[in-house]
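Colleague: The structure follows.
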Amino acid sequence: MFDEFRDILFEEFGLERERHFHVNRGNTTTSKKILLYAHEASGRRVWLGLKELIQKIRPRYEDVVFDEIDDFGAFTVRQQAHVFNRYDAHVMVHGAQMANSIFAVDRTLFVEVGCRIPEFIGNRKFMSLIDGVHKRVEKCRGSNHDASPCVRCVSSGLVYSNFTMTDLGFQNLVDEVLRMVEQ
């Protein structure tokens, strides 16, 4: 039934249902697309330094499209649906914007980033309903924080704390995202 509901939504909004990366069209191949969201508009749960991390790694991944959204609140529901439908992976701070996951193409990867992530869209049953894949990236634990794709929290209020990630940790996260998208 949920699948039929999604079919109606996709038809109403004119959305694609299947992913088309690595599809040859003439002499070109489409790139993998990653959407990133720092949650800056709210002032809390902000991924500090995300823009700089993206700028630093862009040259390393010439065949990947990295797009960043500054404020989902500036978009209508239809526009949000189209944004969520265009990407192979969504790497973003956890929050209400993830409700748009129902508009994503099948087999989309959702990476929620934050100090502590509540169990909402990461629920296995929900992911199976939207034919999606979920990964969490949370507070660093143990050693080797520089290379690990984990976050360093600015304050002790874990759910709403702003956070950062190291350059190498972000690069390793992107590598992992690309591996997962290709599966």
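The values are calculated or read from the model by the stated rules, or taken from the named source; none is laboratory data. Only a predicted model underlies this, so the values are computations on that prediction, with no experimental measurement involved. Cβ placement follows ideal geometry from the backbone for every residue including glycine, while neighbour counts extend to all protein chains displayed. For accessibility, only protein heavy atoms count, side chains too; no ligands or nucleic acids. Shrake-Rupley method; radii C 1.70, N 1.55, O 1.52, S 1.80 Å.
Colleague: Could you list, ordered by first residue, the pairs with Cβ atoms under 6 Å in which the first is in segment 79-91 and aromatic (Phe, Trp, Tyr) and the second is assigned to a loop (DSSP other than H, G, I, E, B), at least 6 apart or interchain?
Modeller: Hits for this filter: 84/104.
Colleague: Which condition does residue 58 not pass, out of (1) in contact with a Phe, Trp or Tyr (Cβ under 7 Å, 6 or more places away or on another chain); (2) within 20 Å of residue 100 (Cα to Cα); (3) loosely packed, with under 13 Cβ neighbours inside 10 Å, if it passes all the others?
Modeller: Evaluating residue 58 over (1) in contact with a Phe, Trp or Tyr (Cβ under 7 Å, 6 or more places away or on another chain); (2) within 20 Å of residue 100 (Cα to Cα); (3) loosely packed, with under 13 Cβ neighbours inside 10 Å leaves (2) as the failure.
Colleague: Separate question: Report, by residue number, each residue of segment 65-86 that is of a type in the set (Val, Ile, Thr) and surrounded by 15 or more Cβ atoms within 10 Å (Cβ to Cβ).
Modeller: 65, 69, 83
Colleague: Something else now. Among 156, 148, which is touching a Cys at 6+ places or on another chain (Cβ under 7 Å) and either without any contact (Cβ under 8 Å) to a residue 12 or more places away in the chain or polar (S, T, N, Q) (or both)?
Modeller: The conditions single out 148.
Colleague: So, one more: Every residue in segment 156-183 that is within 16 Å of residue 114 (Cα to Cα), in contact with a strand residue (DSSP E or B) (Cβ under 9 Å, 6 or more places away or on another chain) and of a type in the set (S, T, N, Q), please.
Modeller: If the condition is that a residue be within 16 Å of residue 114 (Cα to Cα), in contact with a strand residue (DSSP E or B) (Cβ under 9 Å, 6 or more places away or on another chain) and of a type in the set (S, T, N, Q), then 161, 162, 164, 166 are the ones that fit.
Colleague: Sticking with this structure for a sec: Within segment 110-132, restricting attention to residues that are under 24 Å from residue 11 (Cβ atoms) and either open to solvent by 20 Å² or more (accessible area, probe 1.4 Å) or not β-branched (Val, Ile, Thr) (or both), which residue is modelled with the highest pLDDT?
Modeller: 110
Colleague: So which residues in segment 87-105 are at pLDDT below 90, outside any helix (DSSP H, G or I) and open to solvent by less than 20 Å² (accessible area, probe 1.4 Å)?
Modeller: Of everything in segment 87-105, just one residue is at pLDDT below 90, outside any helix (DSSP H, G or I) and open to solvent by less than 20 Å² (accessible area, probe 1.4 Å), namely 94.
Colleague: Exactly one condition in (1) over 18 Å from residue 180 (Cα atoms); (2) among the charged types (D, E, K, R); (3) buried (at least 20 other Cβ atoms within 10 Å of the Cβ) is not met by residue 40; state its number.
Modeller: Answer for residue 40: the failing condition is (3).
Colleague: Looking only at residues in segment 137-163 that are outside any loop (DSSP other than H, G, I, E, B) and not basic (Lys, Arg), which one is nearest to residue 48 (Cα to Cα)?
Modeller: Checked segment 137-163; the qualifying residue nearest to residue 48 (Cα to Cα) is 163.
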